[in-house]
Amino acid sequence: MSDLNRALIDDLECELPHPLATDHLAELGQGVLDPEKAQRMAEFFSFLGDPNRLRILSLLAQEELCVCDLAIALTMSESAVSHQLRTLRAIRLVRYEKRGRKVFYRLADHHILDLYQAVAEHLDEID
């Protein structure tokens, strides 16, 4: 155990008989997110903080759609939908494929679908 960890433990104000398993805590500390990854994850989740982006993801979780179909389903302008899709593409949540003059969007991979479904289920359990 490092001197810093020992000093932190010595300064704790836990009430005894609280079992302080320092070995276990040291093991837990090895699994904590490093600051850089935590920052990237925070940025990722902040991009999901927009309701319109989540509405787009909810449609793309069902099927692949073009910008005009998304705009109609969401009652948004194609320009507004395209703007949100650019952001979703930038953080690699969606992919696109050109077919003639139309561009079709889909979720980037199953992880995005799993994340979307897990959050939706969690919120349904809370209600």
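The values are calculated or read from the model by the stated rules, or taken from the named source; none is laboratory data. Nothing here was measured: the structure is a model prediction, and the numbers come from that model. Note that each Cβ is placed from the backbone with ideal geometry, even for glycine, and that neighbours are counted across all protein chains shown. The protein model used for the area step is the full one, side chains on, heavy atoms only, and it has no ligands, DNA or RNA in it. Shrake-Rupley method; radii C 1.70, N 1.55, O 1.52, S 1.80 Å.
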Exercise for the section: Residue by residue through the range 64-109, note down the ones that are in a helix (DSSP H, G or I), farther than 22 Å from residue 43 by Cβ and open to solvent by 80 Å² or more (accessible area, probe 1.4 Å). Expected result: 72, 78, 79
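Taking helices (runs of 4 or more DSSP H) that do not extend beyond the range 1-62, which have at least 2 residues that are modelled with pLDDT of 65 or more, basic (Lys, Arg) and in contact with a Leu (Cβ under 8 Å, 6 or more places away or on another chain)?
Details: elements: 3-10, 22-30, 35-47, 51-60.
In the range 1-62, 51-60 are the helices (runs of 4 or more DSSP H) which contain 2 or more residues that are modelled with pLDDT of 65 or more, basic (Lys, Arg) and in contact with a Leu (Cβ under 8 Å, 6 or more places away or on another chain).
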Fill in the blank from the handout: How many residues of the range 110-127 are aliphatic (A, V, I, L, M) and open to solvent by 80 Å² or more (accessible area, probe 1.4 Å)? The answer is 2
Practice task
Confirm whether residue 123 is out of contact with any helix residue (DSSP H, G or I) (no Cβ under 9 Å at 6 or more places or on another chain), in a helix (DSSP H, G or I) and aliphatic (A, V, I, L, M).
Solution key: yes
Completion exercise
When residue 55 is run through (1) within 17 Å of the chain's Cα centre (by Cα); (2) loosely packed, with under 13 Cβ neighbours inside 10 Å, the failure sits at (2)
